1. Once both labels are modelled 7 Å past Cα along the beta-carbon direction, what's the ILE431-LEU558 spacing in nm?
2. Can you send over the carbon and sulfur percentage of the accessible area for segment 485-531, probe radius 1.4 Å, protein chains only?
3. Specify the inter-centroid distance of segment 516-537 and segment 365-381, based on alpha-carbon positions, in whole Å.
4. Filter the cross-link list LYS109/LYS479; LYS285/LYS519; LYS115/LYS519; LYS115/LYS421; LYS268/LYS360 down to pairs whose alpha-carbon distance in this structure exceeds 20 Å.
5. Using 0.36 nm per residue, how much length does the chain from LEU164 to ARG271 gain when fully extended, once their Cα-Cα distance is taken away?
6. Under a plain spin-label model, where a point goes 7 Å from the Cα along Cα-to-Cβ, how far apart in nm are TRP214 and ARG42?
7. Non-local amide H neighbours of THR442 (under 5 Å, H modeled in plane, Pro and chain starts lacking H): which ones?
8. Add +1 for every Lys or Arg and -1 for every Asp or Glu among the other residues with Cβ under 15 Å from the Cβ of THR405, and state the total.
Amino acid sequence: MKKIRQQHLRKPVTPELLVSPSSQDGDLSSECPEDRGNWTGRLDFLLSCIGYCVGLGNVWRFPYRAYTNGGGAFLVPYFIMLAICGIPIFFMELSLGQFSSLGPLAVWKISPLFKGVGMGTILIVSLVAIYYNMIIAYVLFYLFASLTSDLPWQHCGNWWNTELCLDHHIIKTGNITFPINITNTVSPSEEYWSRYVLHIQGSSGIGDPGRIRWNLCLCLLLSWTIVYLCILKGVKSSGKVVYFTATFPYLILVMLLIRGVTLEGAWKGIRFYLTPQFDHLLSSKVWIEAALQIFYSLGVGFGGLLTFASYNTFHQNIYRDTFIVTLGNAITSILAGFAIFSVLGYMSQELGVPVNQVAKAGPGLAFVVYPQAMTMLPLSPFWSFLFFFMLLTLGLDSQFAFMETIVTAVTDEFPYYLRPKKASFSAVICIALFLMGLILTTEGGMYWLVLLDDYSAGFGLMVVVITTCLVVTRVYGMKRFCRDIHMMLGFKPGPYFRACWMVLSPATMMALLVYNIVKYQPSEYGSYRFPTWAEVLGILMGVLSCLMIPVGMVVAVLREEGTLWEVGAQQASRPTMDWGPSLEENRTGVYVASLAGSQSPKPLMVHMRKYGGITSYENTAIEVDREIEEEEESMM
């Protein structure tokens, strides 16, 4: 009896209000969810963010956007929009993720009324992940095709070529003396892409997908397999892969840059790329284009930044990391422009045509123009392989982030059930998205890819980011958010960040949203115009992610007790009891002892017992506590 009494005395008693529902009938420790884990290396987080932000768009969108919007003058609005919109929102997402250690869904404990924002984010990321991996499959196809002594898109005369095919080697050897308008001809690389890789002639449009291209299907399967193996153990495995995938593209980019600028006619392309046309700065379109480039190249709103930051330690210096990643991303885009346009300048000289007749953006650059340029170089298969291997590593980093965002978001919602089975759950997600992406491997799959690209992350993504910014600054409160950052980093954000979060960033993004709606143009692929039903389907994709917000509001209000708006909405808009730092020793002030099962009246004491003294962060905690006490006294 005495032994039983001693054991009973040793057993901690948890206050009833702080016990989670799952722990009421048993020992709390046996019911706790498995640990989320953290990055295992010092550079894992930084390299993952760099790999996520520096993607395919840096290579095939920025250079084209720059030269069509004023050349070197485009850099003025580009860096202004980076300062107003890019850096502040980037830092906000990292702060939310690191402070809470939660994914894009669970992070809305900050204001459960707006949990639909997280649901909209997951829907957007899922749609993007489907078609983004198809682009990686195309890259794998070309990568394997480059493993030959003679590139298959180098000459005409293959079964897929037509009478319009014109071999540039014929022009180069001088067999044709009169000037040629290449707009009336088709290059071998273009017919290889459209008639062999896509076999698009087998489809009459988006409503007639045709047969599955099994070589593309196998490449898609391989790309999903690679992604799954790299995210198998979450950030512990993907955090190691990025040491290669985030750094190796820079090596290849430098090699392509050096090779490009040494080609004859290279400066013709670079001059075309960078010649400033300052009259363009008077056009609102140029400023909108600069903001759009920043918005999409940094990947804000997709949940990837928030997810990566959620695996950081509580005091990771994300302020420094924000500037490293955002400025590094901008510099990479500019360097990629030099590498691309130096080769295009050489290509235009070889063909005897202006640079603007060979310059394209998007898949047209990656799978038509640049591969054609590679055939004009000595050792063309080698340079082609390097180029597509660079695209592969650039694409995989972003795809890792998309998948980690989806998996983390759902497992954080159901930690007791899914976290121990994270590898199996990741496999289920990959298989499901692979099956949904099979339509992209058909002969008409490119039409579906264009539709997804145009609508899945359009105005819906902007609504998500605008809502997030407004909720954090207006509903949660700017003062409270800055205090959270102070607790985490040891200093409060300055006037620059506060001004951007309160006014400049949301106003800029609202202008983008209005511009996109007013200047709406139906989707097209080459000369093909999409039917009305396809346009409606695309718009519904964007609207559906926006509808998640009001749906989430209704669900949150119905879960609260009391009158609908007087009590329910107000209560649902407040942070939950367990909102805040995930570890008890980091919870100070209003976050003290609010975790389920919390025993300590003052988390600061945990630090003192553990480390034997007070660090600078504990001093910060004391300052935050003092501020809160002074505010409470002034209110009384």
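The values are calculated or read from the model by the stated rules, or taken from the named source; none is laboratory data. All of these numbers come straight from a predicted model, not from anything done at the bench. Neighbour counts run over all protein chains shown; Cβ positions are idealised from the backbone, glycine included. The protein model used for the area step is the full one, side chains on, heavy atoms only, and it has no ligands, DNA or RNA in it. Shrake-Rupley method; radii C 1.70, N 1.55, O 1.52, S 1.80 Å.
1. Output for this residue pair reads 3.2 nm.
2. Here it works out to 67 percent.
3. 31 Å
4. Working: LYS109/LYS479 18 Å; LYS285/LYS519 10 Å; LYS115/LYS519 30 Å; LYS115/LYS421 25 Å; LYS268/LYS360 16 Å.
Table pairs above 20 Å Cα-Cα are LYS115/LYS519; LYS115/LYS421.
5. Separation in residues times 0.36 nm, less the Cα-Cα distance, equals 35.4 nm.
6. For TRP214 paired with ARG42, the spin-label model returns 5.2 nm.
7. ARG213
8. Net local charge, THR405 excluded: -3.
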